[in-house]
Amino acid sequence: MPTFSVIVTTFDRPSLLSEALDSVLRQTVRDFEIVVVDDASTAPASVPDDPRVRLVRRGRRGGPAAARNTGVEHARGRFICFLDDDDLYTPDRLEVVVPHLGRAPLLLVWARYLEGPRKPGRRLEGDVHDVILDATTPHLGAVTISREVIVPFDETYFASQDLEWWLRQTQACHVATVPSFSYLVRRHSGAREGWGTQARVENQLRLLRQYEAYFEDHPRARAFRWRRIGLMRLALGDPSGARAAFTASLAARPSARTAWHFLRSLRMAREEIRGMPAGHETEGTASSPGRRGS
C-alpha cells in the first residue's frame, strides 16, 4: 500500500499527458502510485512502462467527475492526490505535505501558473464549510486527502463539479494549508475540460438551486457565485444575462467590484444595440426586454 495515489484523468491529450506523468515520476518522494484514468479517448492513452503506473480505461466518456471517481475506486494509497493531464507537479509536490499529514485529513498546497508571478492562495484551516465558496475554491490538483474521508464526486455535474464537491467535502473533514507553490497550471489554447463556458453557467445555476438553503445563509458565497456567473455570461456575449447576474450579486452583498462589472454589462448592451440593423433595436428593447437573461 503506497502512501500516495496520484490520480491523473485524461482525454485526448497524449503529449500533455506524457509531460504530466513525467512530473510525477520525478518526485523526490518515491512512495507513490499513479492511476491514469483514460476517459474513453478516441485514441487510447499510453503510459510509461513503470510498475508504479497503472492505466484504467473507461468504456464511455463520463466527464471529469466520473473519471476521478473511477481513479479513487482503483487507488490503493492512504492519501489521494489529483493531477489534470494538462498540468504539472513540482518535484517536491508530495514531499512538502509529508510533515503535515497528521494536521488534517485534507491538505492543500498552492497552485500557480506555469509561467507567471506567484500569488499566494487562500489559507484554509480547520472547519471551512462556512467560507469555502466565499472566494475561488482551491484547484483539485492542490488537494491531498485521506481516502478514509473522501466523498465521491457528483457525476451528474459535467462542469463545476469541484464546487459541489468542496461543499460536501468540507462538511466531512477539516482542512489545513501548506503554503508551498507545488501545483503548476498550464495556460494553453485548448479547453481545460470538454465542457465549455455555457455548461459552467448552467451547472452553477443548478448549484445555486440545489443548495439554496446554504446560499441563503451565506450571502458572501451567493454574491460571489452570481458575480462569477455574470462574468461568464459577459464572456459568452450575453450582457443582458450578465446584468441580471450582477444584480443578484449586488442584492446578496453590495460590492464596488460587482457594481463596476454591472456598468460594463450596460455599456456592452448599448454597444450591441448600436451595432444592430435598423429597426431591430425597437423589437429587441420594447417587445422582449431582458429576455436573454430570463
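Assess whether G121 counts as being farther than 19 Å from R13 by Cβ, among the small types (G, A, S) and touching a helix residue (DSSP H, G or I) at 6+ places or on another chain (Cβ under 9 Å). Judged against the criteria, G121 is a match. Restricted to strands (runs of 3 or more DSSP E) entirely inside segment 1-59, those with at least 1 residues that are in contact with a strand residue (DSSP E or B) (Cβ under 8 Å, 6 or more places away or on another chain) and under 19 Å from Y183 (Cα atoms) are 4-10, 32-38.
Residues of segment 70-101 that are in a helix (DSSP H, G or I), under 24 Å from R186 (Cβ atoms) and not β-branched (V, I, T): G71, E95. When restricted to residues that are farther than 14 Å from I80 by Cβ and in contact with a helix residue (DSSP H, G or I) (Cβ under 6 Å, 6 or more places away or on another chain), segment 1-44 contains 4. With respect to being in contact with a His (Cβ under 7 Å, 6 or more places away or on another chain) and modelled with pLDDT of 95 or more, P105 fits the description. Of everything listed in (1) in contact with a Phe, Trp or Tyr (Cβ under 8 Å, 6 or more places away or on another chain); (2) of a type in the set (D, E, K, R); (3) within 27 Å of C173 (Cβ to Cβ), the single unmet condition for E73 is (1). A single entry from R30, R68, R58, R78 fulfils the requirement of being crowded, with 16+ Cβ neighbours inside 10 Å, among the charged types (D, E, K, R) and within 29 Å of V175 (Cβ to Cβ): R68.
E95 satisfies every condition listed in (1) under 17 Å from G141 (Cβ atoms); (2) in contact with an Asp or Glu (Cβ under 9 Å, 6 or more places away or on another chain) except (2).
On inspection, A66 passes the criterion of being of a type outside the set (K, R), out of contact with any helix residue (DSSP H, G or I) (no Cβ under 8 Å at 6 or more places or on another chain) and within 25 Å of T156 (Cβ to Cβ).
The values are calculated or read from the model by the stated rules, or taken from the named source; none is laboratory data. Computed from a predicted structure; not experimentally measured. Quick reminder, even Gly has a Cβ in these numbers, built from the backbone with ideal geometry, and neighbours come from all protein chains shown.
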